[in-house]
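The values are calculated or read from the model by the stated rules, or taken from the named source; none is laboratory data. Treat the numbers as computed from the prediction; the structure is a model and nothing was measured. Neighbour counts are summed over all protein chains in view; Cβ atoms, including those assigned to glycine, are modelled from backbone coordinates with ideal geometry.
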Amino acid sequence: MRRRRTEPLTVLFAALGGLLLLFIAAPLLWTLGAVSPAALMAALGEGEVRRAITLTLWASLVATVLALLTGVPLAYLLARHDFPGKRFVEGLIDVPIVVPHSAAGIALLLLFGREAIVGRLLAPLGLRFVAAVPGIVIAMLFVSLAFLVDAARDGFAAIDPRLERVARTLGASPWQAFRSIALPLAWRSILSGMLMMWARGLSEFGAVIILAYHPMVAPVLIFERFEAYGLDAALPVAALMILISLAVFVLLRMTTRRPEGRVR
Amino acid sequence: MRRRRTEPLTVLFAALGGLLLLFIAAPLLWTLGAVSPAALMAALGEGEVRRAITLTLWASLVATVLALLTGVPLAYLLARHDFPGKRFVEGLIDVPIVVPHSAAGIALLLLFGREAIVGRLLAPLGLRFVAAVPGIVIAMLFVSLAFLVDAARDGFAAIDPRLERVARTLGASPWQAFRSIALPLAWRSILSGMLMMWARGLSEFGAVIILAYHPMVAPVLIFERFEAYGLDAALPVAALMILISLAVFVLLRMTTRRPEGRVR
Amino acid sequence: MSGGALRLEALEVRLEGFRLAPLTLAVEAGTYLVIVGPTGAGKTLILETIAGLRRPAGGQLFLDGAEITALPPERRQTGFVYQDYLLFPHLTVAENIAYGLRRRGLRRRERETRVEALAAMLGIEPLLDRRPATLSGGEAQRVALARALAVEPRLLLLDEPLSALDPATRLRLRGVLARLHDALGMTIIHVTHDFEEAFTLGDRVAVIHEGQLLQVGTPEEVFRRPNSEQVARFVGVQNLFRGRLQPLGDGYSRLHLDDISITVVGEAEGEAHLSIRPEEIVLSREPLHSSARNSFRGRITAIEDRGTLAYVAVEVPPVFTSVITHRSLEEMGLRVGEEVHIAFKASAVHLF
Amino acid sequence: MSGGALRLEALEVRLEGFRLAPLTLAVEAGTYLVIVGPTGAGKTLILETIAGLRRPAGGQLFLDGAEITALPPERRQTGFVYQDYLLFPHLTVAENIAYGLRRRGLRRRERETRVEALAAMLGIEPLLDRRPATLSGGEAQRVALARALAVEPRLLLLDEPLSALDPATRLRLRGVLARLHDALGMTIIHVTHDFEEAFTLGDRVAVIHEGQLLQVGTPEEVFRRPNSEQVARFVGVQNLFRGRLQPLGDGYSRLHLDDISITVVGEAEGEAHLSIRPEEIVLSREPLHSSARNSFRGRITAIEDRGTLAYVAVEVPPVFTSVITHRSLEEMGLRVGEEVHIAFKASAVHLF
């Protein structure tokens, strides 16, 4: 039997798409390949680098937790209730993805700066935002919260609301039905949203640098070393951050993998 | 008849979620409110601002078109074919979202720099990437391509593949079936992916500043004015860019609006 | 655990353009009420409103005389069983059954004891450690029943509980429901579009059609003496009877009705229901000697001539309805009050 | 436009664990072949492989003697109609029909002429400017047919084309298919799980069951003389006949078979098919004087005793099959070769 060949169109599309994939993979692989393990270890040995990376991971984690406490309830409301302006709220959540990062930094500074309205309000509580960790946290929170809220909303929306209704007839209060039914069932979606948000927070540079050049997060450190000493000085830290992001990302893909490896 | 009140849990969740919404909306509104129309017009009157904004819009558009030519074919393959490593490819496309922006800039510079392998290869063609528009374009392309590819893939996946099969039996070649059936039916998704990608490209700062401080895109201009002259100098440009992003975003939401405004 | 008395007072149910006429209905304690109506007639909405899961657009609800219209669902003590089970997928069978007991603050020991008792009652002991996803439809619905019964509901609400099951399992679970009701004396409201369920399970049957409550009564009243053309059309003309089965050996049984007995295919014992399609009943002037094993003499009590077809009611007793052609009616010259013979095959009798 | 002759040579079809035995089958030019099999028996896969939309795992395909196994679908000239129409939603009805004509490079004028001719043939002229989303199922399927016919296919492949339609529309479209085949003399392969479609439309019928091609033949052969226990069980024991209807006035008609005529309810004329459930046919030793309007004398040609029930074939001619209880069989002492009377009501005859 003669076999038909692969369609020429498929070959063409694969070639075009391959170019794009190469464009993503090559810079990352090149960067990782350009840094020796010894150089990576040496970079990790520097106190400044370690402090920057630790701060980045922590600040993004705090931002993620803040979004967990406020964004998950919001996501639940969006998945369970219809109300006027719902589409507007859904849109508003995604706005930060498209606001230029440096403009977002300016906007946050305008509200949370030393002389600004919220900044002055919270100063007595010991909360400083400019050149301080809280500033880094709110910058990360602003640019990355959409990832968690959207994932949580999709997770809740995928649960049959009648499960919570059955729980109510069995004596559960609204809070108990949320905690014992909706939350555990949406947990996988929420977790993957948290990982995505955390990873996106780690990656932020523009909004953070406006609010807080110091204390220095890793993306700012990369920029500073590049500006001061050139490419070679920035490379080990960049490679470290790429590795960390990839690790988080692999973790993320593992939490979203379909159970039991079913084909679609 | 006595009416039950709104659940206290709903009130609590609305309060928590409202905090988050306020955190998104307030900085943006505050920024827009802080700049008078006259100041906006004055900023638009400056040649430097106009050039930066035009360059930003153009560069992001070029990046979007590049992704259209390579990413849409890739999205079609992902929606229509199963092949080994498909999940890996789908993951790879989303990686740039989580790579720190300054690290992405370093990685691109390493490949496309003056002395780097691709940079030297393309120099005879007149393509320079460092401190040049092509550098801005690839930086934007890298960080934003996932938005278009994912949207296009979802768009194609939503079309019954048997429609293209029917077209084939009616005499259409694979290319004709793609062009006359799949492409028009997925067009709405592709268009909204393009708008999202364009908006995300406009917003990029970290990767661009590493590759090309000059010619200056608007997010870099905001940063430079902030560094050199402080908040007040950066404010009008930031407000302009926020307005532009919001306009693109509203356009985006309009293309994705469900037809005939049906309630889900 | 014993049932509560429910009263609906001009209860209005509305949802996205859908609307039921105000519903007034009293259900005595311990009654098994079956609400029949076509799919999509709003039967689920009624149950959800009774359970407090939806707010009525108007009207009042009373349970044992106390108004519960504004009470949240968790304080109504109603058990709810959906057609598609809706077990909590992240909990084991035992945890599903114990869910309501935890909410009521029972200790671990007490919970285990009650779960085991319920599992024994419903024959699901071997399933207690399984996950819902691994259960068959019949098993899942037994678990859903056990979960609802665990909280000792004053009202058990069943939303087409047997519709998603295959016929054999449906029959078995119908038996389970009948036995539960007999044993526990609970008030049960069961909605369905299946007339057999209404006829076999209901103490009382309510017919809902096009947003209206058309008739409430015993199954015999509703199916034998529909109070309107609408109900008659909706329930169809059916020869529905209840009797005692007695096996005859060699593959047949005899079903004893009031005064007559009918031969049926298959061997079985005990209470049973049967139906015979009117097309299957042959009328004749003289006794028939044919392959039709059931043959009776009766008197014509009604003739409904509908043009080409005519429905003839023959009281043996009980009353059988036969459908014949208008031609036959004329040729045989049948009149109300005359004696005729009816015959139908043993294989034409549908037992359920 | 005239049909091509198709030959399948040990064609193997596989998909994700699903597998059909190698299929060898010849379809003469101009034949209307109906492939019947239960849903999920791989019938769609066979059609898609013939159309070139799937690669066979083995074997060969020939169209008019030339091998087409490796030919891409756009060069096979087959028309494909799916159960769910699959009209192009972004094109108007006229553009849908013209789609294949554009691909063949026809000029605008010619396209319009052909679209109008096809629309006239299928009675869809008023729909030409509408969008597919606004069409009813029957309208959509006519458009799908017109679109497939536009390219003058050598082979028309129909994948359960009537299954998604309501009964009345199904009947009307069945007539359309029969007329199209008569008028155009096309080769049609039609897969379905509906025996009535196979019996009324097919010149030839192929039965596929559990991945095997069990029997190919005329509808009469397959349904009256199944070549195996498997086919007999699958097609069921059915009293299927074809005859001419003649209206009698006053609501009845007479259907003339070879030697007898049967009274049926309703007035109609022309060729018709009928079926009678074996339970509806009563056997007796003497002629019956009852409400059963059809009564014939015949000879028993076969008795199949299955325990509690027995199937008795009575040749009038034609052969009718009745199912009676084993008891009746014994009590009446029926034997092959004996004369008996059969009777059934006019209302028990199913016309189609």
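Below is a table of values for the structure above.
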read-out: Options A:Ala186, A:Ala167, A:Ala131, A:Ala123: the member that is more than 11 Å from chain B (Cβ to nearest Cβ), outside any helix (DSSP H, G or I) and over 14 Å from the mean Cα position of the chain (by Cα); value: A:Ala131
read-out: Filter pass, B:Ala139 being touching a residue at least 24 places away in the same chain (Cβ under 8 Å), more than 7 Å from chain A (Cβ to nearest Cβ) and surrounded by fewer than 17 Cβ atoms within 10 Å (Cβ to Cβ); value: no
read-out: Criterion: part of a helix (DSSP H, G or I) and modelled with pLDDT under 95 - qualifying residue of A:Ala177, A:Ala233; value: A:Ala233
read-out: Index of the failed condition, C:Tyr85 passing every other in (1) surrounded by 21 or more Cβ atoms within 10 Å (Cβ to Cβ); (2) on the phi < 0 side of the Ramachandran plot; (3) out of contact with any strand residue (DSSP E or B) (no Cβ under 9 Å at 6 or more places or on another chain); value: (2)
read-out: Matching entry among B:Gly91, B:Gly85 (being modelled with pLDDT under 95, under 27 Å from the mean Cα position of the chain (by Cα), within 12 Å of chain A (Cβ to nearest Cβ) and under 25 Å from B:Gly201 (Cα atoms)); value: B:Gly91
read-out: Any hit, segment C:206-227, residues being within 14 Å of chain D (Cβ to nearest Cβ) and on the phi < 0 side of the Ramachandran plot; value: no
read-out: Verdict on C:Glu304 being within 24 Å of C:Arg225 (Cα to Cα) and more than 9 Å from chain D (Cβ to nearest Cβ); value: yes
read-out: Qualifying residue in segment D:92-107 (condition: touching a Ser or Thr at 6+ places or on another chain (Cβ under 7 Å) and more than 20 Å from D:Gly4 (Cβ to Cβ)); value: no
read-out: Residue in segment C:86-99 that is under 24 Å from C:Asp194 (Cα atoms) and not acidic (Asp, Glu) present; value: yes
read-out: Any pair with Cβ under 8 angstrom, 6 or more apart, that starts in segment B:232-251 at a residue that is within 9 Å of chain A (Cβ to nearest Cβ) and ends at one that is in a helix (DSSP H, G or I) and aromatic (Phe, Trp, Tyr); value: B:Ala234/B:Phe223; B:Ala234/B:Phe226; B:Val248/B:Trp198
read-out: Residues that are out of contact with any Gly (no Cβ under 9 Å at 6 or more places or on another chain), farther than 16 Å from C:Ala26 by Cα and touching a residue at least 24 places away in the same chain (Cβ under 8 Å), drawn from segment C:54-78; value: C:Arg54, C:Pro56, C:Ala57, C:Gly58
read-out: Selection within segment B:118-130 - of a type in the set (A, V, I, L, M) and under 21 Å from B:Pro96 (Cα atoms); value: B:Val118, B:Val130
read-out: Complete set of residues in segment B:189-230 that are without any contact (Cβ under 8 Å) to a residue 40 or more places away in the chain, among the hydroxyl-bearing types (Ser, Thr, Tyr) and outside any helix (DSSP H, G or I); value: none
read-out: Qualifying residue in segment C:236-243 (condition: touching a helix residue (DSSP H, G or I) at 6+ places or on another chain (Cβ under 8 Å), more than 14 Å from chain D (Cβ to nearest Cβ), buried (at least 18 other Cβ atoms within 10 Å of the Cβ) and under 21 Å from C:Arg172 (Cα atoms)); value: yes
read-out: Boolean, C:Leu162 is modelled with pLDDT of 95 or more, assigned by TED's automatic domain parsing to the domain that holds C:Asp182 and assigned to a loop (DSSP other than H, G, I, E, B); value: no
read-out: Exclusive hit being within 14 Å of chain A (Cβ to nearest Cβ) and either more than 13 Å from the chain's Cα centre (by Cα) or at pLDDT below 90 (or both), set C:Leu156, C:Leu184; value: C:Leu156
read-out: Scope segment D:311-352; condition surrounded by fewer than 21 Cβ atoms within 10 Å (Cβ to Cβ), within 8 Å of another protein chain (Cβ to nearest Cβ) and assigned to a loop (DSSP other than H, G, I, E, B); matching residues; value: none
read-out: For C:Arg102: the one exception among (1) assigned to a helix (DSSP H, G or I); (2) away from chain A (no Cβ under 12 Å); value: (2)
read-out: Residues of segment D:296-346 satisfying the condition of being in contact (Cβ under 8 Å) with a residue 60 or more places away in the chain and of a type in the set (D, E, K, R); value: D:Lys345
read-out: Residue match in segment A:97-104 (condition: within 11 Å of another protein chain (Cβ to nearest Cβ), crowded, with 16+ Cβ neighbours inside 10 Å, modelled with pLDDT of 95 or more and more than 23 Å from B:Val248 (Cβ to Cβ)); value: no
read-out: 3 or more residues within 11 Å of another protein chain (Cβ to nearest Cβ) and in contact with a Ser or Thr (Cβ under 9 Å, 6 or more places away or on another chain): qualifying helices (runs of 4 or more DSSP H) within segment B:1-81; value: B:8-34, B:47-80
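For (1) within 18 Å of D:Ala272 (Cα to Cα); (2) more than 13 Å from the chain's Cα centre (by Cα); (3) not aromatic (Phe, Trp, Tyr), each residue gets a yes or a no:
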residue: D:Leu173; (1), (2), (3): yes, no, yes
residue: D:Phe195; (1), (2), (3): yes, no, no
residue: D:Leu201; (1), (2), (3): yes, no, yes
residue: D:Pro226; (1), (2), (3): no, yes, yes
